[in-house]
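Just below is one structure, and these are the notes that go with it.
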Amino acid sequence: MTDLTDIVRTHRLLVALDFDGTLSPLVDDPMSARMAPAARSAVEALLAAPDTAVAFVSGRSLGDLRIIAEHSDDSPILLAGSHGAEYLIPGAPVDEALDPADVEVRDRLRADVEKLAEGAPGSWIEPKTFGFGVHLRTVTDATAAERLRASVDALMADAAPHWRRRQGHDIVEYAFTDAGKDAAVAHLREVVGATAVVFAGDDLTDEDALRSLGPDDLGIRVGAGETAASVRVADIEELAAVLSTVAHERVASRQ
Ligand SMILES: O=P(O)(O)OC[C@H]1O[C@H](O[C@H]2O[C@H](CO)[C@@H](O)[C@H](O)[C@H]2O)[C@H](O)[C@@H](O)[C@@H]1O
């Protein structure tokens, strides 16, 4: 992978950023997540830099991502939701069509899992476009959390073995699409016509994108954990500092 100097000089840069844990601190109530002030400033600086596009690439459903990212209709930020299964590209129509048969299975399985979750107070089943997430962050009884995790796994292995299972921070997600953040980066790279990509993320699902980066790209891991990224930053604030530097140096390099 390349370094910051090459990223600053590249002709057309795509900065693709995971949202939860990368721009926004992890919080107990998922819908109250918002960008940290330093991350917000860094994103604004990138948007003001020449030939620089910004995308949020999230496991959130697109609708929820729009809310927590406070994404307005006139925003130039590209969005990839559901780990790359749905997109909002400014100026392009959004494809919202779902097969009614998939919706019926999704809703039935989620209702079954909601019943199982009654045995684990503090858990929450997040409805998602292509499935659901089992949140365990606020389950205080570790045995109940483990029991819920195992019972949902057993139900899904039996009822929908082809669904993709993903593990995140205090969440297990199940989806009937296989799309990953690697596909999201590939699609956004093409849409933007990027000559290089910076991708930053903090979680296991971000490693799909980080592993897919090429020699002219730069991967950044936020926080601990095994990673394919070439750069690691400690936290959101350190990431914001790196992104702000890229933005300011891209402005300076074109003057
Ligand atoms: O790809 P991301 O943007 O990082 O989204 C991953 C999941 O983020 C959300 O859950 C995580 O953040 C919550 C709010 O801070 C936190 O309560 C939870 O424990 C984390 O797992 C979101 O709710 C999921 O749908 C996303 O897939």
Margin query: Using Cα-Cα distances under 8 Å and only pairs 6 or more residues apart, what relative contact order does the stretch 80-221 have, in percent?
Written below: 20 percent
Item checked: Nearest 10 degrees, 0 to 90: helix 236-253 Cα axis against the chain principal axis -> 30 degrees
Next item on the list: Highest first, please rank the peptides 119-130, 211-222, 134-145, 66-77 by the mean number of other Cβ atoms sitting within 10 Å of their residues.
Entry: 211-222, 119-130, 134-145, 66-77
Checklist line | Helix-only CD estimate at 222 nm, as mean residue ellipticity for the chain, using -39500 (n - 2.57) per DSSP H run (n ≥ 4) | finding: -12000 deg cm²/dmol
Check: Using the Cα atoms as the points, what is the convex hull volume per residue of the stretch 155-236 in Å³?
Finding: 103 Å³
Note to self: For the ranges 35-41, 98-104, 13-19, 58-64, what's the packing order if you count other beta-carbon atoms within 10 Å of each residue, average per peptide, and put the highest first?
What the structure shows: 13-19, 58-64, 35-41, 98-104
Note to self: If N is the number of residues in the chain, what value comes out of its Cα radius of gyration divided by 2.2 N^0.38 Å?
What the structure shows: 1.03
Item checked: Kirkwood-Stokes translational diffusion coefficient of the stretch 141-183, alpha-carbon pairs, 10 °C, 1.306 mPa s, µm²/s -> 139 µm²/s
Check: Going out from 0 in 10 Å bins, what whole percent of all Cα-Cα distances in the stretch 100-175 drops into each bin?
Finding: 20, 58, 20, 2
Notebook entry, point to check: How large is ³J(HN,Hα) for each residue in the stretch 144-156, as worked out from phi by the Karplus curve 6.51 cos²θ - 1.76 cosθ + 1.60 (θ = phi - 60°), to whole Hz, x for Gly and Pro?
Noted result: 5, 4, 5, 5, 5, 4, 5, 6, 5, 4, 5, 4, 6
Checklist line | Derived scalar couplings ³J(HN,Hα) [the stretch 191-199; Karplus, 6.51 cos²θ - 1.76 cosθ + 1.60; whole Hz; x for Gly, Pro] | finding: 4, 7, x, 6, 8, 7, 10, 9, 10
Notebook entry, point to check: If one takes the longest principal axis of the Cα atoms in the chain, at what angle in degrees, from 0 to 90 and to the nearest 10, does the Cα axis of helix 37-48 lie?
Noted result: 50 degrees
Notebook entry, point to check: Is the stretch 196-239 best put as rounded, prolate or oblate by its Cα gyration tensor, with a ≥ b ≥ c the root eigenvalues, rounded for a/c under 1.5, and otherwise prolate when a/b is larger than b/c, oblate when not?
Noted result: oblate
Margin query: Between ARG12 and GLU249, how high is the FRET efficiency from 1/(1 + (r/R0)^6) when r is the Cβ-Cβ distance and R₀ = 22 Å? Nearest 0.05.
Written below: 0.90
Next item on the list: Could you work out the relative contact order of the chain, using alpha carbon pairs under 8 angstrom and six or more residues apart, expressed as a whole percent?
Entry: 27 percent
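Bear in mind that the values in this text are calculations on the coordinates, not laboratory data. Predicted model only: the values in this text are computed from it and were never measured. With ideal geometry, Cβ positions are generated from the backbone for all residues, glycine too; neighbour counts draw on all protein chains shown.
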